[in-house]
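Here the structure comes first, spelled out in structure tokens, and everything after it is commentary.
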Amino acid sequence: MSMEKLFLHEKAVDIIVNIYRAEENGENAYPLSISKEVGSPYSYISKVLGIFEENALIESEFEGRIRKVRLTDDGRKVAELLIELRKVLRRDFVARKKIKILESIVEGVNGDKSDSALKIILPVKAELERLETEDEEVLEKAQELKKEIEEIVDG
């Protein structure tokens, strides 16, 4: 199970983010379209929207017989925070921990080019090359660390 699903398993997050994205695209948000986008029954969407409205996260109005919803200022803030939290939860925390450990090993060598230092940092370089992640920040740090190791090795 992903960290995102663990912390944000409710469809309510998807609903409020869906409204936010519609507004960002200059579109109106309607319960039926939210239901289709989120993949939940209309009755559930309607119930959640009612709770959002009771708590002043959204406002709704009718265009004829069709209900249109929009975020309040507080609803927008909540949606933005949830979007940011999702980004954080999608990080590869294991790879981030590994990078920190590898960085500290390279820092410990402190530019030393002796054989004993090379025996320490060359396996670090090999470990960096095996690192598999979709976390862009980790990949960037791994590239920087490889470059630093190559500078020490090539000296």
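The values are calculated or read from the model by the stated rules, or taken from the named source; none is laboratory data. Computed from a prediction, not measured in an experiment: that's the story for all the values here. Here Cβ is always computed from backbone atoms with ideal geometry, including for glycine, and neighbour counts include all displayed protein chains.
A compact table of results
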{"read-out": "Residue list for the stretch 28-44, filter: over 24 Å from the mean Cα position of the chain (by Cα) and closer than 16 Å to R70 by Cα", "value": "N28, Y30, P31, L32, S33"}
{"read-out": "Residue in the stretch 62-75 that is assigned to a helix (DSSP H, G or I) and not acidic (D, E) present", "value": "yes"}
{"read-out": "Which numbered condition T133 fails, given (1) among the hydroxyl-bearing types (S, T, Y); (2) exposed (fewer than 15 other Cβ atoms within 10 Å of the Cβ); (3) closer than 30 Å to E10 by Cβ", "value": "(2)"}
{"read-out": "Every residue from the stretch 103-113 that is assigned to a loop (DSSP other than H, G, I, E, B), touching a helix residue (DSSP H, G or I) at 6+ places or on another chain (Cβ under 8 Å) and not charged (D, E, K, R)", "value": "G111"}
{"read-out": "Hits in the stretch 107-128 - residues which are of a type in the set (D, E, K, R) and closer than 21 Å to R91 by Cβ", "value": "E127"}
{"read-out": "Filter result for the condition that a residue is surrounded by 15 or more Cβ atoms within 10 Å (Cβ to Cβ), outside any helix (DSSP H, G or I) and within 28 Å of the chain's Cα centre (by Cα), over R91, R86", "value": "R91"}
{"read-out": "Residues located in the stretch 15-29, provided they are out of contact with any Asp or Glu (no Cβ under 9 Å at 6 or more places or on another chain) and either outside any helix (DSSP H, G or I) or surrounded by fewer than 13 Cβ atoms within 10 Å (Cβ to Cβ) (or both)", "value": "E24, N25, G26, E27"}
{"read-out": "Boolean, E80 is within 30 Å of I45 (Cα to Cα), among the acidic types (D, E) and in a helix (DSSP H, G or I)", "value": "yes"}
{"read-out": "E144 free of Cβ contacts under 8 Å to residues at least 12 places away in the same chain and under 28 Å from the mean Cα position of the chain (by Cα)", "value": "yes"}
{"read-out": "Matching residues in the stretch 114-139 - criterion: being under 20 Å from K87 (Cβ atoms) and assigned to a helix (DSSP H, G or I)", "value": "E136, E137, V138, L139"}
{"read-out": "Matching residues in the stretch 64-74 - criterion: being at pLDDT below 95 and either over 17 Å from A22 (Cα atoms) or surrounded by 13 or more Cβ atoms within 10 Å (Cβ to Cβ) (or both)", "value": "G64, R65, R67"}
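For every residue, the table says whether it meets (1) over 30 Å from K141 (Cα atoms); (2) in contact (Cβ under 8 Å) with a residue 24 or more places away in the chain; (3) of a type in the set (A, V, I, L, M); (4) surrounded by 11 or more Cβ atoms within 10 Å (Cβ to Cβ).
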| position | (1), (2), (3), (4) |
| --- | --- |
| S33 | yes, no, no, yes |
| G50 | yes, no, no, yes |
| L82 | no, yes, yes, yes |
| I105 | no, no, yes, yes |
| V124 | no, yes, yes, yes |
